[in-house]
Structure formats: structure tokens, C-alpha cells
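The next block holds one structure in the form of C-alpha cells; read it before the comments.
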Amino acid sequence: MMRWPSDEPVRSHASHTPIDLPDPLSGADPLSEGGAFGGAEPPDRFDGGAAPGPDPARTDPVVLGALLARHGWRRRGGAPGRYARWTPPGPGSRGTSLLVPESRAFPDCEDLLAEALTALTHSAAPSAREVLVGLAVPSDEIRWWRDVPPGPSGAAEWTVQEQLRTAARQLLLAGALAVRGRAGYYGARHRRQAQESLDGVLVGPAPAGRELTAFLPVTTGRAVAVRLHHALSAAREATDYQRATGGMEAFDSAVEAGVSRELTEALVALVRGTEGARVALAWAPGAGVPEGCAARPEPVEFSPGDLPALREAGKRYLRDEPSVPVRITGAVIRMRRAGPGGDGSVRLRVLAGAEIPHVRVALDEESYRVAGQAHLLGLPIRVVGRLESRGGFRRLTDASGVVPVQVDEAERDRLMKSLQENLDYFEEVCGGGD
């Protein structure tokens, strides 16, 4: 859980110190990791687990052939109309081949598919695993390449691999954010939901830190793949326009296609330290081509010469994204003010009204008192204000109308029980000497 820059853990019982409060709506121990006193951000979910092996009885031979061709396997003849013989790409493929039936119309189709899948499982070709993943989990593929100098004996430095994976993760997150809604800058908005939408993404190996493939399951990830397809093309066109004319207007219209500060930062991270980078998308063969997308999208390339335009676009998005009027309902989990009286600020765990996990709210003296009393009663509060883009939409300004929100009896009993178990943390919530 992220702390506000000026907030330090409470070190005394003076009334002017920040007060971290147990979140009565969380049901968690306030002293436990991830409770009201801190903890980590949600874990990175980019790296999916291993996919189960494909079932020969459910494998479409046409899809298998399409995946083999996509990943560089060569068709070497076979019996026309019955089966094709495929050999892996690269040297050392002599004597290795797969017999793949043309369709499921022949009695020995399933046996041939079982033999082909077993051979792929034991194949030393790096592409074999990617073919198996594409069969087991019908997925759109996103592939990143970075043109970086090879390390000793072709090995990649740790930092080079991490840069590739970090940039790829950021790019997927930017696409997932754009699915939630269009904005030049998201900050904390929609981030948790976007991260959760990437839970099923699988990732392939990153040979020498130069290449990485992500598999987005069609059932859960196609919207992200489609949005990235449009956003990358729009970012490329806007960058070309800026380099040709010096104007940034094309980046404004590119927001509708899914371009944002988050996407431009991901592209900067991908390209920085390389001689160039590119991103390619390929649709799952069995799922068809999404409406409005090219059947075989061309890779989108970016070079170090594009970095100034991308960086300037990111600054522009950050500067120009407006504040957002909201009415938020949240549980008070932190209170702070400079002395025993006067204005103060509270931190809320957002329950409704904005797609952010937490927000900090500046309150006048009376509203601060209402917030403290509501918490003591085990109640959330409702507040009206404007989410400021500065700081990542984590701060509410012009706050007004602070009122407790009623909950049903069962919920109230649970909240009051949580309060009674943690009375030590509430002794100065309302600034004792007020």
C-alpha cells in the first residue's frame, strides 16, 4: 500500500501526529502485512503459470498448422489432402519432423496429432513451446524485439532482460487501462482493475534479452490486444507527424485510439538503451480476426530518434489531463493535522465513486471532526470534490458535504467489533483537546 510522501509512521501519542487507523471495512488485522499500516502493492501478475498441455482430441489440425507456420516451421511436403510434414526453423533440424493431418476427416487423425504434440513437447526448438501454449490456451500473441548488443557468448545481462520485461509489462498495462476508458493520463485510476485483467497472461522465454512473447487468452485478453493494436499504430503516426512538422496535435487525437502517458512511457522504456525496438501482434488462428483490425498486422517499430517526441507527449498528457468531479464513499484509515484543532487531512479506502484504491482528502475543522466520529462509529463517509491529476489522481480537493454513510445492522456489528478490538488506535482520532 503506497504512503503519501509527507506521511510518516506514528511515533508518539501527541495529538498533532498522523494517526493510522485500522480499516474497519477490511476485516484485516491492522498490524499485519497489507493491513491499514502499509504492505506491498498488488503482486505483479504478468508472469502466468505454465499452461496445461493441449488435448489431441480437441486440437484443430488447421490451427496447429497455422501456429507452426507463424513460428517459422517449414512445410516439407507430405501426402496432399491428407497430411503435411513440418520441420523446425534453424540449423540442426535434419531428421526432426512432424506429420500433421490436414483435417480431422481421416481415421488416424487423432493418432497423428498425439504423436505431433508429443514430438513438440520433446523438441529442442524454442518455438515448440510457443506453439504448445498457443494450442493449450487460444491466445493472441504480442511479441517485443529490442536491438541491443549481445553479451558475452550471447548471454544477456540481467538488467537487459529486466528492461525488456518491465517495458513489456508497462505496455500491456497501458493497453488494459485504455480498455477501461480513454484518458491522456490515468495515474491511479483503473489500475487495480487493469492489473487484474492481465491475470491470465502467459509469457514465453526471453532469449538473450532481445525478444519476449506474451500470450493473451482470447476469452479474457482480446480487448487488450485489440486496443494495443490501435494504440501502437496511432502512437507511430503521431510520432511521425511530430518529427515531420514539430506539432504535437496528433498526440491529442491519438488518445481516442488508446495512446496515453502510460503508453508513451512504456515505449520510452522499451526503446531506451537500444538501437531500435518493435512490437508485433498476431491473432489466435482459431478465433478469427477482430473487427476493424488487419488480418496480419505489420510490426510497429520505434527508434531512439523517436524518444524526444514520446517524452514530450508524456509530459503533455500529464500537464493537460483535467481534474475530475467525483462523489466518493470511503472508509477512513488515516487522519492527520498539525495541531489539536484546525484543518486536517484524511486518507480513505475508496469503496465507491472512483476507480482508485485510496485517496487523500483535505478537510476543514468541522469536516475533519465528522470524519473522525464516523470512523469511531464504524461508518464510512461520503464526500464531494475534485480528483486532481497532479499526484496521479490520489488527492481530492475542494472537498465538501462530508457525511457518514449508514450500513445495515450486520455490517455495523462487524465494524463495531473491529473498532472494539483496536481501541488503542482511536484515543486521539478527534484531537482530544478540541
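The values are calculated or read from the model by the stated rules, or taken from the named source; none is laboratory data. Only a predicted model underlies this, so the values are computations on that prediction, with no experimental measurement involved. When we count neighbours, we look across all protein chains shown, and the Cβ atoms used for this are built from the backbone with ideal geometry, even at glycine. Quick note on the areas: whole protein, heavy atoms, side chains included, nothing else; ligands and nucleic acids left out. Shrake-Rupley method; radii C 1.70, N 1.55, O 1.52, S 1.80 Å.
All other residues with a Cβ under 14 Å from the Cβ of ASP252 taken together, and with Lys, Arg as +1 and Asp, Glu as -1, what is their net charge? Kindly include the intermediate steps, with their values, before the conclusion.
Details: positive: ARG182, ARG261, LYS315, ARG316, ARG319; negative: GLU237, GLU249, GLU256, GLU312, ASP320, GLU321.
Summing Lys and Arg as +1 and Asp and Glu as -1 gives -1.
For the pair ARG58/TRP158, report the inter-label distance in nm, with labels modelled 7 Å from Cα in the Cβ direction.
About 4.0 nm, to one decimal.
Whenever you get a sec, compute what percent of the accessible area on the range 263-416 sits on carbon and sulfur atoms (1.4 Å probe).
Working: 3380 of 6940 Å².
It is 49 percent, rounded to a whole number.
How much accessible area per residue does the range 270-400 have, in Å², with a 1.4 Å probe? Intermediate values should be presented prior to the final figure.
Numbers: 5760 Å² over 131 residues.
Roughly 44 Å² per residue, with all protein chains present.
Given labels modelled 7 Å from the Cα in the Cβ direction, how far is it in nm from ASP320 to HIS122?
If labels sit at ASP320 and HIS122, their model points lie 6.0 nm apart.
Taking 0.36 nm per residue of sequence separation and subtracting the Cα-Cα distance, how much length would be gained by fully extending the chain between THR397 and ASP147, in nm to one decimal? Display every interim value, and only then the final one.
On the way: separation 250, 0.36 × 250 = 90.00 nm, distance 4.53 nm.
Value of the extension gain: 85.5 nm.
Please compute the Cα-Cα pair-distance distribution of the range 212-351 with 5 Å bins starting at 0, giving whole percents from short to long.
Percent of pairs per bin, in order: 2, 8, 15, 16, 13, 11, 10, 8, 7, 5, 3, 1, 1, 0.
Cβ under 12 Å from ALA399's Cβ, ALA399 left aside: what net charge do those residues give with Lys, Arg +1 and Asp, Glu -1? Please list the in-between numbers first.
Details: positive: ARG327, ARG360, ARG382, ARG386, ARG395; negative: ASP343, ASP364, GLU366, GLU388, ASP398.
The answer is 0.
Relative to a virtual label point 7 Å from the Cα of ALA223 in the Cα→beta-carbon direction, which members of the range 166-183 show backbone nitrogen distances below 14 Å?
Answer for the range 166-183: 175-182.
Extending each Cα 7 Å along its Cβ direction at VAL405 and ARG104, get the distance between those two points in nm, one decimal.
Going by the 7 Å Cα→Cβ label model, 4.9 nm.
Could you let me know the centre-to-centre spacing of the range 96-140 and the range 212-232, using Cα atoms, in angstrom?
24
Two-decimal Rg/Rh of the range 212-285 from alpha-carbon positions, Kirkwood Rh?
Numbers: Rg = 13.5 Å, Rh = 13.5 Å.
The Rg/Rh ratio comes out at 1.00.
Checking a compactness column here: for the range 98-204, what do you get for Rg(Cα) / (2.2 N^0.38 Å), N being the number of residues?
Values: Rg = 19.4 Å, N = 107, 2.2 N^0.38 = 13.0 Å.
Compactness ratio reported: 1.49.
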